[in-house]
Amino acid sequence: MKRGVILALAVTVTVVLAGTGIFWIQSPGSVESNPSNIDVSASEARIFKTLTLNNGLSVVLVSDPSSDKAAAALNVFSGSWANPSDIPGLAHFLEHMLFLGTEKFPEVDGYQTFIEQNGGSDNAYTSNTNTLYHFDINGLQLEPALDRFAQFFIAPLFDAGFTERERNAVNSEFTASLQNDERRIEDVMRELTDAGHPASRLAIGNLSTLTSPEMTTRLRTFYRQHYVAANMALAIYGPQDINTLESWAIDYFAGVRAQQAPKLNYDVPLFDPVQLPLLVTIEPRREMRRLELRFPIPGTAGQLASKPNQYVGHLLGHESTGSLLSVLKAKGWAENLSASSGGITHANTTFDVQIDLTPDGLANWQAVTELLFSHIELIRQAGIQEWIFDEQKNINELAFQFAEKVGPSSTAVALAENQHYYPAAQVLSGPYRLADFTPAAIEQVLSALIPDNALVILVRPDAKTLVKSQYYQTPYRSEQLAGATVARWRTPNQAPGLALPNANPFVPTQFNVQPAQKVASALYRSTPQILLQDSGKTLWFEQDDAFYTPKVDIHLLLETNYANVSASQAMATALYLDLVNDALNEVRYEAGLAGSGYGIALVDNGIQVRLYGYQDKLHLLLDTLILELTEHRISPERFAIKKEETLRALRNRSEDPVISQMIRQLNEWLTANSFSVAEQSAAAQTLTPDSLLIARNEWLASSRLELLVHGNILADQAKVLAQRIDRIIPQGGTQAAGRAIAKLPARDFLARVNIDHADSAMLELYQGDNSSLRERALYALLAETMSAPYFADLRTREQLGYIVLARAYPIDGLPALLLYVQSPSTDAAMVQLYSNRFLSRFAQQLANMNELSFEAYKRGLMTGLTEPDKNLFALSSRYWQNIQDGNHNFNTRARIAAEVEKISLEGFRRFYDIRILGDATRSLTLHQVGVNMADDYTDHAQNIVGKYPLEQPKAWPDDIEWITPTFNNISD
């Protein structure tokens, strides 16, 4: 749908809704002054404090008494680019080693066990210029967690006994990514980078690079040089008061060494200017067609007040009518486009334009590139326009003032990262700030976007290549661009249709919060109530009384079983929805820029739509979306392109990560409405525009409307929205039955899967007996207690592979435990034997577990289940999930937490013995046999006994039972 149609529609809808009182005129009232010493929004209730410890460590503290969880993050301002030239990957290897015990807490799995035992999680990452560690935990356990965490940066063990093992773990991480096309492309870029730049070396590390005979010494040397207080930033988030958090920061982190920070200088050019312009052609594993241009530019960290790259990226990456993407899509040449300089960095970087091409676009890639340079020239000729900057500035300010509160861990990570770049007062507001309009800086960015400064990357399945990259063996070819081609790009023809964007019609102007229609109670929190109900629809409504934000969240479900009947009906529905999204792309893009958005998805019980954003514009988006959903006119050209996209995506499923393919095949076994990739591909081949329209009419005719309206809106206004939807969408269906799930008999099943990957993998699912709240509580607690020791045993001690996990895996409320191990060196049968041994040993761990430890696991799980929702979006999500579950008391998590509280240690031991080790076990195991591991698998598989073999998905024995789990259903 084009912009002119959208604007006309918007005017019509505005006139109609204005008469119904949909516009807001009430004020939310005054907000008390926040005592934080940083910039915060007017509605911010948390208290922030920045300080610098005596040793030079920068700290940000966040006191949030409303939070049950706490978190911390520590950012080291050195990453893989700081690696010594003879040991690529050392910084990443060091990140791994810090988790393996400290002098004060020497147990190799002690840190992770403590965190998970208290309802938390932990992780870390190593990037080019920083390494960040973080965790979250039950708020009451923040102090002892900080004690353990701080020791990473004071006195790690660097146990030589684990150095070799963790070297294998890093190599496993490397091998798991060998078939990832993004990593493979970047390996080519590494080889083309100037040899004097650290980006020319492998960042992740592997067995061949981590080979120093004095590895422990080299680790300690790197640690002493870079892990110093002046080279770090810390963020702590907790429910405690700010003074308590400050005292803990001092008590536990004052011991970080106060050595001078290293001087890291990455001013070396990324590419030798003599090389450019350069054409690099790369052969991917997936079927993909991509044109990318990378233009070397200076680092962006010095221009954070004006962000000139953001201005240029906004115009080049815009998706409205007249944009580069719009013109390319009209020609049938492109599917997606992005333009940006990436993240903030002090180092030289690149401004990147990436275009996903159609087959026709690939055939015309030089013309596509000329269009890009034509658009850049249009921006130059139009001049740097202050109104465009001001619109971005206004949108950013709104985003900051009405930013949704997120979880403690995400907040701590962002604050630790921001301290590397922003002044202390701007660690929260800095990413949103656009203070200075600097046309000269924007023109400087544009001056770098010229053909002679371009590294042109063409990723294509039919690439004619000459060499392979060293580490990922990516076939590629690099060559100078033809002079005639570059000359044409220097003076591109003015392309008809290209235009700069107009003012965004979705930028909100009304922000007042409406007065509450119900008196708030100190005893209970309101929940959604049914406003309208008949045979064709149900309207749930709740006026926000928790967050007082000028936003509304709308969930809409067209409930129907239509897409569950066959692969043909599923694919017809999915492709139609894809075309609707495609037609609304320009609307969705502009609405998204202005802080509103929507999503359309094919779900198990129908077609789900969700809209979220500022109240005074969201209804415009809703009307536009519903009209397009029900009346979309299929363009034969767009149909052909989107159909081919669908088929290509299905062909590329074989290149998904191994764990994704294993989970997909698990779901094919366990859910009745799942269709194999082959079935979906065959069905998609037969689709025509007429078959899609037939499908639309049939699922519309069979649908029933379920609607939740929640947020800054009154009951009468919600009824108006429901009635408008009612008039557009005919409801003639009945409530859809839930999907059927395979309930396993008391037996252990085993199936082989065939994935083209060097790694082997074992996925094992232990299924619950029913969907009762107690059953859900038992399996959730089992995953809570098993996760850390399973990881420590199979990954850290046995070194089977990098990806090892034990997680709860409920399907539609039917609980289960999922175990997964992916290994580059051990076949799936041997992995199975190791896993079985762990399960037997874990019974002894439970037998030795004391009541205090068991209660800690229970409290940690209960804290996560009962943690208050952080924002309107999260609360709406929980409301909607409860509606879908059939729990109209909206307390599923609280009731599961109550069941967790009732579980005794002795009862839990009996549950484990019976359900995991005993005759009542219901399990399904999938084995992936890695390339070159078939012989080992055959040998070791002889030692696996008691498994019932399965041949292909859905080919169950006769005693399998198909059930539909329901809320608290103990009979199914």
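Coordinate-derived values only; no laboratory data. Quick caveat: nothing in here was measured; it's all calculated off a predicted structure. Note: ideal-geometry Cβ built from the backbone for every residue, glycine included; neighbour counts use all protein chains shown.
Worth pointing out:
- Ordered by the count of other Cβ atoms within 10 Å of each Cβ, fewest first, Lys954, Lys329 give Lys954, Lys329.
- Ile250, Ile607 arranged by Cβ crowding within 10 Å, fewest neighbours leading: Ile250, Ile607
- When the pairs Lys49/Lys69; Lys551/Lys902; Lys69/Lys518; Lys518/Lys858; Lys537/Lys617; Lys537/Lys954 are compared against a 27 Å limit on Cα-Cα distance, Lys551/Lys902; Lys69/Lys518; Lys518/Lys858; Lys537/Lys954 fall above it.
- A Förster radius of 51 Å, combined with the Cβ-Cβ distance separating Lys104 from Tyr548, puts the computed FRET efficiency at roughly 0.70.
- For the stretch 850-909 versus the stretch 500-555, the gap between their alpha-carbon centres in whole angstrom: 26 Å
- Under 5 Å between amide hydrogens, built in the peptide plane, is the criterion, and for Glu107 it picks out Thr102 among residues at least 5 positions away or on other chains.
- The stretch 619-633 - phi-based ³J(HN,Hα) in whole Hz, Karplus 6.51/-1.76/1.60, Gly and Pro as x: 5, 5, 5, 4, 4, 4, 5, 5, 4, 5, 4, 9, 10, 4, 9
- Judged by the mean number of other Cβ atoms found within 10 Å, the most tightly packed of the peptides 303-316, 127-140 leads the ranking 127-140, 303-316.
- Around the amide H of Lys537, modelled in the peptide plane, lie the amide H atoms of Leu705, all under 5 Å away and 5 or more residues distant in sequence or on another chain.
- When exposed loop sites are taken as GluC sites (Glu not before Pro) in a DSSP loop with at most 16 other Cβ atoms within 10 Å, the longest stretch of the chain clear of them is 405-950.
- With contacts taken as Cα pairs under 8 Å and at least 6 residues apart, the chain reaches a relative contact order of 15 percent.
- Spacing of the two label points (7 Å from each Cα toward its C-beta) at Lys902 and Leu852, in nm: 2.9 nm
- Förster-model FRET efficiency, 60 Å R0, Asp436 and Arg727, C-beta, rounded to 0.05: 0.75
- Summary of the geometry: the stretch 614-665 and the stretch 391-459, compared by the centres of their Cα atoms, lie 29 Å apart.
- Ratio of the Cα radius of gyration of the stretch 741-963 to 2.2 N^0.38 Å, where N counts its residues: 1.08
- With 0.36 nm allotted per residue and the present C-alpha distance subtracted, the Ala955-Ile250 stretch has 247.6 nm of extension available.
- Measuring between their Cα centroids, the stretch 789-841 and the stretch 269-287 lie 40 Å from each other.
- Summary value for the stretch 365-476: 28 percent relative contact order, contacts being C-alpha pairs under 8 angstrom separated by 6+ residues.
- Using θ = phi - 60° and Karplus 6.51 cos²θ - 1.76 cosθ + 1.60, couplings along the stretch 786-800 (whole Hz; Gly, Pro as x): 8, 4, 5, x, 5, 4, 5, 6, 7, 9, 7, 7, 7, 6, 6
- Once the Cα gyration tensor of the stretch 273-490 is diagonalised, semi-axes √(5λ) in Å: 32, 21, 18
- Two-site FRET efficiency, Val603 against Asn652, from Cβ-Cβ distance with R₀ of 25 Å, rounded to 0.05: 0.65
- Hits among lysines - C-alpha to C-alpha of Lys329 under 22 Å, sequence gap 8 or more where chains match: Lys2, Lys642, Lys643
- Dividing the mean sequence gap of close Cα pairs (under 8 Å, 6+ apart) by how many residues the stretch 47-253 holds gives a relative contact order of 38 percent.
- Helical contribution to [θ] at 222 nm, DSSP H n ≥ 4, -39,500 (n - 2.57), averaged over the chain, rounded to 500: -12500 deg cm²/dmol
- For Rg/Rh (Cα atoms, Kirkwood Rh), the candidate list reads [x] 1.05; [y] 0.94; [z] 0.98; the entry that matches the value derived from this model is [y].
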